[in-house]
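Visitor: Sending over a structure as structure tokens; questions will come in a sec.
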């Protein structure tokens with residue numbers, strides 16, 4: 001998630017990374033993200049934790065543990081930041097360290 005540091009920007013942008021590490025950012029139901037500075041939060045749910053069929057049917061699927069151990073999970077904890085400028089076509093890579 002991309003949390004704006006400027007209070008004039010009212011919406012948090014979201015993205016989901018693919019297996020290749022690429023992602024598409026959406027903000028307020030539109031592709032892209034407004035210009036500004038952002039704190040970036042990231043969680044990596046453990047893919048080996050899968051809900052049972054009955055948990056899924058009952059809507060009781062537990063959250064998988066974050067493989068990043070919450071290091072980047074909240075705007076207060078994260079050290080990841082990004083600056084988005086007008087006319088930017090791609091965001092630079094965001095380096096995430098697991099240790």
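Only the coordinates and a few stated rules stand behind these numbers; no lab work does. This structure is a prediction, so every number in the text was calculated from the model and none was measured.
Visitor: With just the Cα atoms of the chain, tell me how far they stretch along each of the three principal axes, in Å, largest first.
Guide: Taking the Cα atoms of the chain, the three principal extents are 47, 32, 27 Å.
Visitor: Sort region 49-99 into rounded, prolate or oblate with this rule: let a ≥ b ≥ c be the square roots of the eigenvalues of the Cα gyration tensor; rounded if a/c is under 1.5, and if a/c is not under 1.5, prolate when a/b is larger than b/c, oblate otherwise.
Guide: Values: a/c = 3.20, a/b = 2.03, b/c = 1.57.
Cα axes put region 49-99 in the prolate bin.
Visitor: For the chain, what does the helix formula give at 222 nm: sum of -39500 (n - 2.57) over DSSP H segments with n ≥ 4, over the residue count, nearest 500 deg cm²/dmol?
Guide: About -1500 deg cm²/dmol.
Visitor: Continuing with this model, one more query. Using a ≥ b ≥ c from the Cα gyration tensor of region 1-57 (square roots of the eigenvalues), is it rounded, prolate or oblate, where a/c under 1.5 gives rounded and otherwise the larger of a/b and b/c decides, a/b for prolate? Could you put the intermediate results ahead of the total?
Guide: On the way: a/c = 2.54, a/b = 2.18, b/c = 1.17.
Here region 1-57 falls in the prolate category.
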